[in-house]
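Asks: Please see the structure below; I have some questions.
Just so you know, all these numbers are worked out from the coordinates, no wet-lab data involved. From a predicted model like this one, the values you see are computed outputs, not experimental measurements. Because the Cβ atoms are built from the backbone with ideal geometry, glycine has one as well, and the counts that use them run over all protein chains shown.
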Amino acid sequence: MLKTDSSFSKFQQSLYQNKSSCVDRVQHHLSVIKNKLHLNVFLSVYEKEALEKAAEIDEKIKRGTAGKLAGLVVGLKDVFSYKDHPLQASSKILDGFIAQYNATIVQRLLDEDAIIIGRQNCDEFAMGSSNENSAFGPTLNSIDESRVPGGSSGASAVAVMADMCQVSIGSDTGGSVRQPAAFCGVVGLKPTYSRISRYGLIAYGSSFDCVGIFSKNIEDIALVLEVIAGEDEMDSTVSHQSVAAYSELLKISGEKKYKIAYINGTLQSDVLQREIKSALTQTLTQLKEDGHTIQGIDFPLLEYTLPTYYILATAEASSNLSRYDGVRYGYRSSNTKDLESMYKKSRSEGFGKEVQRRILLGTFVLSASYYDAYYTKAQKVRNLIRQKTKEIFKDYDFIIMPTTPSTAFKLGEHTENPVAMYLADLYSVHANVAGIPAISLPIGKDLEGLPIGLQIAADDFEEAKLFQFSKVLMNFEYSSC
Ligand code: GLN
């Protein structure tokens, strides 16, 4: 059985009743971080700064001037710009780089008195599904240290699971928040594309990149989304849609009966681990017993989501990563004779293997001879996938899927086979290709005690409804499968 841990709002009540302090809270998380250094979760810990900020906020609470997130201890994946702090997307190519400004999400967290405790490990430039592509070495899964935490925001999920912070902020381009959330037994949200500003987020695949949130419960995620989402003049792709009062709406008790679709192919698939299938089937049965409408649907385009993603995301990455040339910032090879060799050596010494593979793939699909065959075709398929997905939401409130085909795999298990690694994203990329919101919830464990994740996707900007339904599912009792 897996129950939600205490939400931030409960802790905040105790702060206001003078039963605890922000300083104590930060000290608690710092001691967990120190005891578990071998998990390799944080690349930098802002100990002194976090403690000073905590003391300041304790004072503000006494004076009644504290912000909405006063006392919330947050970890940041190493892809968000936090002024005067190191930032390098876990890559050697950004060695020594210090952020010049605050990402919009960072500024909004700080404005509401959140406390940033450190910078978290991840796959280099958010490319990976296991956190093993980091220039700083892999992060270990705290539930079973011989296993990966997922990726690319693997460390951000471990930090929440192991109680190193209350909330982590990650990025999700193809599943990088939901897949590690599933592997580590926490909740992970990828909101609608354009819901949150990407200003200050290191770009990977700009038409897919989303800021995502990890916590052990839905309430924290709703509250943080409310603070960081919404219009931003620094990112012209952000939606003008107003931001709902997610945390208030979540308090409205969910008596509503929903229409839920699941995709037949996913449950029948041979690649789906048996225990995940049975956990999902049990959940669907219980929902049906509770009066929700559950229907299996066919969605043959699902098998094209992964190739579509890997063509378009690598194309965008090859363009986004061209700025790392050894001239403007970060690593520069010392062993060069002219401008061209400086570019070449800096890039081939600075980027890891997977990043180089993706730059090559992306350059290939964008090259004159292959552009139409791959890039244009994939754009068309993407449109079709989005259109057909939108049609599903005319009849259903949600689509339920497994988050991942398997539970957390062993370290090193897929490092020699990139295609096997890409298959970890089989069910998560759909939401990114279609641009819709999706959340991963922990729904029990497999026979080895490893967490199982269930994914719920909703129509564009339906996060409030997604949270209400997630809460229903978080209250189910889950047994080992
Ligand atoms: N695992 C996927 C990849 O390797 C997703 C990454 C992400 O969402 N950033 O591209």
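Asks: Tell me whether region 144-259 comes out rounded, prolate or oblate; compute the Cα gyration tensor, take square roots of the eigenvalues as a ≥ b ≥ c, and use a/c under 1.5 as the rounded threshold.
Replies: Oblate, since a/c reaches 1.5 and b/c is not below a/b.
Asks: Could you tell me the calculated FRET efficiency between residue 84 and residue 322, based on Cβ-Cβ distance and R0 = 35 angstrom, to the nearest 0.05?
Replies: 0.85
Asks: What is the pair-distance distribution P(r) of region 324-481, computed from all Cα-Cα distances in 10 Å bins starting at 0, with each bin given as a whole percent?
Replies: The calculated distribution, bin by bin, is 9, 23, 26, 24, 13, 4, 0.
Asks: Quick one: grab the alpha carbon gyration tensor of region 203-284, order the square roots of its eigenvalues as a ≥ b ≥ c, and give me rounded if a/c is under 1.5, else prolate or oblate depending on whether a/b is larger than b/c.
Replies: Oblate shape, in that a/c is at least 1.5 and b/c is the bigger or equal ratio.
Asks: Rounded to the nearest 5, what % of the DSSP beta bridges within region 7-125 are antiparallel ones?
Replies: 45
Asks: Could you tell me the ratio Rg/Rh of region 302-391? Both radii from Cα atoms, Rh via Kirkwood.
Replies: 1.13
Asks: Continuing with the same structure: Rg and Dmax of region 72-144, Cα atoms, in Å?
Replies: Reported Rg and Dmax, both Å: 13.0, 38.
Asks: Only sites in a loop by DSSP and with at most 16 other Cβ atoms within 10 Å count here; which chymotrypsin sites (Phe, Trp or Tyr not before Pro) in region 354-394 make the cut?
Replies: Those satisfying the criteria are 370.
Asks: Taking the Cα atoms of region 1-79, report the difference between the largest and smallest coordinate on each principal axis, in whole Å and largest first.
Replies: 39, 37, 24
Asks: Can you put 215, 269, 247, 129 in order of Cβ neighbours within 10 angstrom, beginning with the fewest?
Replies: Going from least to most buried by this count: 269, 247, 215, 129.
Asks: Another question, if that's okay. Show the residues, 5+ positions off or on another chain, whose built amide H is closer than 5 Å to the amide H of residue 213.
Replies: 170, 189
Asks: If the limit is 26 Å between Cα atoms, which of 216/277; 190/394; 19/190; 345/377; 53/251; 288/465 go over it?
Replies: Cα-Cα > 26 Å for 19/190; 345/377; 53/251; rest within.
Asks: Assigning unit charges at the beta carbon (Lys, Arg +1; Asp, Glu -1) and nothing else, what dipole magnitude in debye, to the nearest 20, does region 131-240 show about its Cα centre?
Replies: It works out to roughly 260 debye.
Asks: Same structure again: How do 285, 173, 139 line up, fewest other C-beta atoms within 10 Å first?
Replies: Lowest count first: 285, 173, 139.
Asks: Fewest to most neighbouring Cβ within 10 Å: what's the order for 125, 476?
Replies: 476, 125
Asks: Would you work out which of 169, 321, 421 lies farthest towards the positive end of the dipole of the chain, given +1 charges on the beta-carbon of Lys and Arg and -1 on that of Asp and Glu, about the Cα centre?
Replies: Result: 321.
Asks: Only bridges with both residues in the chain count here: give the DSSP antiparallel percent, nearest 5.
Replies: 65
Asks: For a quick protection proxy, order the peptides 101-107, 132-138 by their average other-Cβ count within 10 Å, most packed first.
Replies: Highest-to-lowest ranking by the protection proxy: 101-107, 132-138.
Asks: What is the Cα radius of gyration of region 298-346 over 2.2 N^0.38 Å, N being its residue count?
Replies: Rounded to two decimals, the normalised Rg is 1.82.
Asks: Pulled fully out, how much extra length does the chain show between residue 27 and residue 369, if you take 0.36 nm times their separation in residues and subtract their Cα-Cα distance?
Replies: Length difference between fully extended and current span is 117.3 nm.
Asks: In nm, to one decimal, how far is the residue 297 label point from the residue 335 one, both placed 7 Å along Cα→Cβ?
Replies: Computed distance between label sites residue 297 and residue 335 equals 5.6 nm.
Asks: Helix check for the chain. Which DSSP H runs span at least 18 Å along their own axis by Cα, with a mean Kyte-Doolittle hydropathy no less than 0.0?
Replies: Helices passing the filter in the chain: 302-320, 353-366.
Asks: Any chance you could list P(r) for the chain, counting all Cα-Cα pairs in 20 angstrom bins from zero, rounded to whole %?
Replies: Spelled out per bin, shortest first, that is 25, 59, 15, 0.
Asks: So what is the calculated 222 nm ellipticity per residue for the chain, using -39500 (n - 2.57) for each DSSP H run with n of 4 or more, over all residues, to the nearest 500 deg cm²/dmol?
Replies: Mean residue ellipticity at 222 nm (helix-derived): -12000 deg cm²/dmol.
Asks: Still on this structure, I have one more. So, R0 is 22 Å and r is the distance between the beta-carbons of residue 288 and residue 394; what FRET efficiency does that work out to, to 0.05?
Replies: Once the sixth-power term is evaluated, E becomes 0.55.
Asks: Thinking of region 92-198 as a set of Cα atoms, what percent of all their pairs are more than 24 Å apart?
Replies: Tail of the P(r) past 24 Å holds 23 percent of the pairs.
Asks: Where q = 0.10 Å⁻¹, what log10 of I(q)/I(0) comes from the Debye formula for region 242-401, counting one point per Cα?
Replies: Listed by q, the Debye log ratios stand at -0.65.
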